[in-house]
Each structure stands twice: as C-alpha cells, then as structure tokens.
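The values are calculated or read from the model by the stated rules, or taken from the named source; none is laboratory data. Keep in mind the model is a prediction, meaning the values are calculated, not measured. FYI the Cβ positions are ideal-geometry reconstructions off the backbone, even for glycines, and counts take in every protein chain you see. Heavy atoms of the whole protein, side chains included, go into the accessibility calculation; ligands, DNA and RNA do not. Shrake-Rupley method; radii C 1.70, N 1.55, O 1.52, S 1.80 Å.
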Amino acid sequence: MAAQSTFDIPLDSLPPSYQTTRSKTDPDPIRRAETGTPEPQDTSIQEPRGHEFSQLPPVDGGKDAWLFLAACFVVEGLVWGFPYSFGVFQDYYSTHPPFSSSSNLAVIGTCSMGIMYLDIPLIMAFFRRFPRFARWSPILGLLVMCFALAMSSFSKTVTHLIITQGIFYGVGGSIAYSPCIVYLDEWFVKKKGLAYGIMWSGTGLAGVVLPPLLQHFLSEYGYQTTLRIWAVAVFVLTAPLAWFLKPRIRVSVGRRAAAAAASGREATSNSTTSGTTTPNATSNIDIHAAPPTPTPTSYTPSLSFVLTRPFLVYQLFNIIEALGFFLPGIYLPSYARSVLQAQGFLTSLTLLLLNVASVFGCVAMGWFIDRLDVTTCIMLSTAGTVLGTFFLWGFGTNLAVLYVFCVVYGFFAGSFTSAWPGIMREVAKLGGGADSNEHGSKPVDPTMVFAFLALGRGVGNVVSGPLCEALIKGLPWQGRALAGYGSGYGGLIAFTGVTALVVQIGKLDS
C-alpha cells in the first residue's frame, strides 16, 4: 500500500530541488555490508518535473499567447498579402514592356500562392519529425523570399518571373509561415477558431494596404524598383517577429514528458506482469501533469485520415471552392479598367475593398466556428458567395455595383478557410482508421489535417491559373448576354458562381 500511495503524489507539490529515488538505501557502507543493503545509485529523475508545466504560459490568453498571435497576424499579412495582390502586378505587366505581349501572366501569381499551399504537408511533416528546426524556419524562409523578390527585379521574360516571383517566393513563403500553424495549436485550444480567423485576417488587411501602395510604386518607379523596395521592406518588418514565433512548450520539456509517460506505462506493465507493486523510477511522477495541448516531441505523424470518407468529402468541396475563389482577385482590376473604364486607383480599389471585407469575414467566421457546426459555417460562406457573384457581378453595369460585389465576395468567400478549424476538429474527432486505440480509431494530428486542406486549396489555385486564361480567351459571350455576362468575362463570372453553388448543394445533400 505504501507504493500505491506514493504513485499519486504529483511532483509539482515538491520543491524544485527535491530529488526522487527508486528505493531507500543506507548511506553508511558498514551498515550496508552488515544488513546486505545494495549500493546507492544516482536515481535522480530526469523527466520533466511538475513545476516545469505549472510555469508554462496559459493557453487562450495571456501576454505570450497574444504576442504570438500578433506576430502571426503580421507574418501572415506580409507573406500572403503579396501574392494576393498580384492582380496589380498582372495589370501592370499586361500593359507595359517587356511583358505586354506575353501570355501566361496569371501563372506567376498562381505559382507563388499555389506552391505555398502545396508544399505545406511536406514542411509540416518535417517539423513534426524534427521540431527544433521549426523555431528557425521563419528566418530561413524570409531570406529565400527576399532573394526571390530581388532576383525577379532583373527578369526580362515571363518565364523568369514564374521562377523567381512565382516558385522561389512560394517556397520561401511557406517555410517562413508554417511555424505559425505548428505552434498555434499549442497556444490556443477553446479559442482556436477565433485565433485562426484573426491570423488569416492579416492577409485581408495587407490586401487593403498593398494594392494602392504597389500601384503607386509601379506607376512611379516601374516593376524593378518596386520589387527591390518590397524585398527590403519585407525583411525589415518580418525579421524582428521571428523571436515571437516560438512554441509554448519547449522541445526538451516535451520529450521528457513523453519519456516519463512511456516509462510509467512500461513500469506499470512490468509490475502487473510480475504481480508486484514495487516502486520504480517514475513512482513519484504524475504523468498526467502535462497540459492538454500538443507537446513538441519528435514523431512521424499518421496520415491514415487522408483516405477516410469524412476527410475526402471535405477535401472535395475544398478543392471545388478553390477553383473559383481566386479568379476575381486575379481579374477584378483588369475588369474594372477594360469594361468599366476605371483608371489608376479606381482599379486597385476593387482589391482593396475585397481584402478589407475579408478581414471582418475571417474574424467573424472564426468566432462562429468555435460555436456552430462546421456544415452551417460552410453553407453560410458559400450562400453569400453565390448570391454576390451571380447577381452583383453578373448583372452589375457600373463601378458602384462592382464595389459592392467586392465587399460581399470578400466577406463571404474570403471567410471560407476560417471554417477549417471546424473541419480539423471533426476529422480529429472521428480518427483515421481502426485497431489503434480503445475507440477503434487512430489519433489524428489536427495540424496535418490543416496541411492537407491547404494542399487541396493549392490544387484548386494552380489549376485556376490556366483555367481562367481559357475562360476569357476570345472574350466569350461578349455582346451576346446582359451586363457583366456579356462583357467578355461572362464565362469567368459564371464559373466562379457555379463552384460555390456546387459546394452549397453538396453540403445540403450530405
């Protein structure tokens, strides 16, 4: 019974300097020889002490959590805001030499954004396997991004821009951004949806500032100087934030916690097998003292959830929505200029309104996803997208209506990814397969669910590049339909609305 009582003493009730031992031994060598007591050994427990966990910063609030989220917000805006504002660059490239006569300009923007989505599963899996590298990846990714921007300023062909401003920027951006996702699950639990919404709204806010700023620099200094200025600005603004992109739980503490739990399970198994209750090295360790958040231990995440029906359904709708989502952001400035005769700031105002609306949409959806069912949130997002696209853009005939569409589309379509925490929660709850725990399902890492949702969105983004070129090639329906549908962009407008409508109908059926 003595052994049983000591097992229940949590270590955080002991002073930090207290050393626990396996068994009591007599320090006198003569008495040990007379009584046959074994030699004393160094049995200090090396596993994490309970007071280490009690000193961890709190989740869902506190100075450290909000500073982390603020840093994620800014990094999100600087990394993703640039490719989301590519419509300004595309409008400039299509009307200025040496790119004015080139095709495939849209591939530049879809490459940079698509790659940042597509390679996230590889980067996330690497960080789970080697968690120490995640701490330094923001600086590494930042250097790659700035190098790509500087090299793109020397480009003379669209191919060069695709390689630098597209591929290299995308790789660097995903490396710099991924720790935000890896660590957010440690800092926020009950307010996770809201935290994701606030972080993702950084892209929308950057979209408010960057389009008019880039438009001004492009018209005043040209693309070469503009890209160099932005490379310097990104480094100066992002480098100091790397300090705040840190895990809540140190890697060393997480590994010792895992070792303590494993040792405790092994000792319990051994004592049960032998039929004894002899104290062991972890008898005084409360293995349940670890916080209910992921610990940054080294492991290879299970991907069995990828082939489960619930995830496949969510992923299918995710890809379909992405096929149409990016098209307005690419072509709205060109549409305003060529169809509605807007000039200068009035063309970039389309992206400004779309992005500022997405700031409020992301935060609102993040708040809703912590409280409502994920299906309800997805249907709310797609319903607003369908109505806005078909009626406001399709039947709009002036700039005022187009600007209203930008606000509606930004709020509803821009908030779709803020429903992802709900998908992550549902997939993790259902598990990834059979024969792995008492519930008959394998534990799922929500971070990897996010990574594969990002992969699906990246597929939609990459396909949408050449797809949108095909949708406006030859200006279909021009002069043969009403309002926006007869502007030459009718196929693009219809496709954007149909993709959201398919998701809406699909969720109703499911």
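Points to keep in mind about this one:
- Using Cβ point charges alone (K and R +1, D and E -1), the dipole size of the range 441-510 about the Cα centre works out to roughly 80 debye.
- In this simple spin-label model, placing a label point 7 Å from the Cα along the Cα-to-Cβ direction at both I229 and K156 gives a separation of 2.5 nm.
- The range 460-499 shape via C-alpha gyration tensor axes, a/c threshold 1.5: oblate
- Residue-normalised accessible area of the range 49-162, given per residue in Å² at a 1.4 Å probe: 39 Å²
- Per-residue HN-Hα couplings for the range 202-207 [Karplus 6.51, -1.76, 1.60; θ = phi - 60°; Hz; x = Gly/Pro]: x, 5, x, 5, 4, x
- Surface composition of the range 78-211: carbon and sulfur atoms hold 74% of the protein heavy-atom accessible area at a 1.4 Å probe.
- According to the Cα-based calculation, Rg over Rh for the range 210-249 is 1.23, with Rh computed by the Kirkwood formula.
- Computed E for T376/N104 - FRET, C-beta separation, R0 51 angstrom, nearest 0.05: 0.80
- If you sort W230, W66 by accessible surface, 1.4 Å probe, largest first, the order is W66, W230.
- Rg over Rh for the range 334-382 works out to 1.23, using Cα positions for both radii and the Kirkwood form for Rh.
- Oblate is the label for the range 133-211. Its Cα gyration tensor axes, ordered a ≥ b ≥ c, give a/c of at least 1.5 and b/c at or above a/b.
- Karplus-derived 3J(HN,Hα) values for the range 140-147, using 6.51 cos²θ - 1.76 cosθ + 1.60 with θ = phi - 60°, are 4, x, 4, 5, 5, 4, 5, 4 Hz; glycine and proline are entered as x.
- For the range 319-455, the fraction of 1.4 Å probe accessible surface lying on carbon and sulfur atoms is 70 percent.
- Net charge, T350 excluded, C-beta distance under 11 Å - Lys, Arg +1, Asp, Glu -1: 0
- Put a dot 7 Å past the Cα of W136, heading toward its Cβ, do the same for L307, and the two dots end up 3.7 nm apart.
- Given K190/K429; K63/K192; K192/K246; K156/K473; K63/K190; K191/K507, the pairs whose alpha carbons are separated by over 20 Å: K156/K473; K191/K507
- For the range 324-337, the Karplus equation 6.51 cos²θ - 1.76 cosθ + 1.60, evaluated at θ = phi - 60°, returns couplings of x, 4, 7, 4, x, x, 7, 10, 4, x, 5, 5, 5, 6 Hz by residue, with Gly and Pro reported as x.
- Solvent-accessible area per residue for the range 168-213 (1.4 angstrom probe, square angstrom): 23 Å²
- Mean projected area in nm² (Cα convex hull; one quarter of hull surface) for the range 357-510: 10.7 nm²
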